[in-house]
Amino acid sequence: MRLLLINPNTNAGTTSMMRGIAQATASAGTVIDAMSAPYGVPLITNEEALAQSAKAVQALTGAITTAPPDGVIIAAFGDPGLAALRLRLSCPVTGIAEAGMAEAGAGRRPFAVVTTTPDLVSSITGLARAYGHEKTFRGVALTKGDVHAIMADHATLVEALAEACAEAIETMGAQALVIGGGPLGQAAQSLNLRFSVPVIAPIPAAVRLAQKRVSRGH
């Protein structure tokens, strides 16, 4: 099985990091390839950048169909370009927000999204509703401080996310958490053992869901 991970931002280092996380999660015999957006921004932090990244993802259609994968993963938490690629490709296309929310909300478990981008709260909330989680989605807990400063240092990012996770559990009643962002992938993996509730890393969740979809023929 070959899965293609698409990074909707232009940061090659982030693409490599996310591909590594995905490959480490994948079953034996599954190969993860990766592509970055051909244009756009190195970090998606607002609605304008999210919309631009959706167009950039769609622009990859030709390159994808040149060597068709068995499945595609959209590795930004807004799932930009997901619907458009599903119309253009014959293979299953999975979003990391879609997969992360599905795991967190399994069994009607109340969950929250924890992330660094206040300007994307509205789009995240809209996705939760679109994916059918109206009754279980408890909201978005945000890190404190400038997103670029937080993202610049891994240890700072982990601690900022941990603080927001604690807030989501205590004030929102979340019984599961999703870390909302592909570039937050490494930090997400550091948090699961720190809390009594599941902390879902969205890239591994997307790999698991993508593999299931390919195995069952969508």
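None of the figures in this text is laboratory data; all of them are computed from the coordinates on show. Worth saying up front: this structure is predicted, and the values here are computed from it rather than measured. Here the Cβ is made from the backbone with ideal geometry for all residues, glycine too, and neighbour counts use every protein chain on show.
Taking a point 7 Å out from the Cα of Asn192 in the direction of its Cβ, the residues of the range 11-26 whose backbone N falls within less than 17 Å of it are 18-26.
Ordering Thr171, Thr61 from the fewest to the most neighbouring beta carbons within 10 Å gives Thr171, Thr61.
What is the sum of charges around Thr156, taking Lys and Arg as +1, Asp and Glu as -1, for the other residues whose C-beta is under 15 Å from the C-beta of Thr156? Here the charged neighbours net out to -3. Each part reduced to its alpha carbon centroid, the range 59-108 and the range 119-178 end up 21 Å apart.
The range 135-206: which trypsin sites (Lys or Arg not before Pro) are DSSP loop and have at most 12 other beta-carbon atoms within 10 angstrom? Filter output for the range 135-206: Lys135, Lys144. Using +1 at the C-beta of Lys and Arg and -1 at the C-beta of Asp and Glu, which of Gly13, Cys91, Gln186 has the Cα lying farthest in the positive direction of the dipole of the chain? It is Cys91, whose Cα lies furthest towards the positive end.
Among the GluC sites (Glu not before Pro) found in the range 75-154, those both in a DSSP coil and sparsely packed, with 16 or fewer other Cβ atoms within 10 Å of their Cβ, are Glu134. In this simple spin-label approximation, Ala24 and Thr125 carry label points 7 Å from Cα along the Cα→Cβ vector, and these lie 3.4 nm apart. When you filter the chymotrypsin sites (Phe, Trp or Tyr not before Pro) in the range 28-134 for DSSP loop state and at most 14 other Cβ atoms inside 10 Å of their Cβ, you are left with Tyr39. Here the range 26-161 is treated with +1 on each Lys and Arg Cβ and -1 on each Asp and Glu Cβ, and its dipole about the Cα centre works out to around 460 debye.
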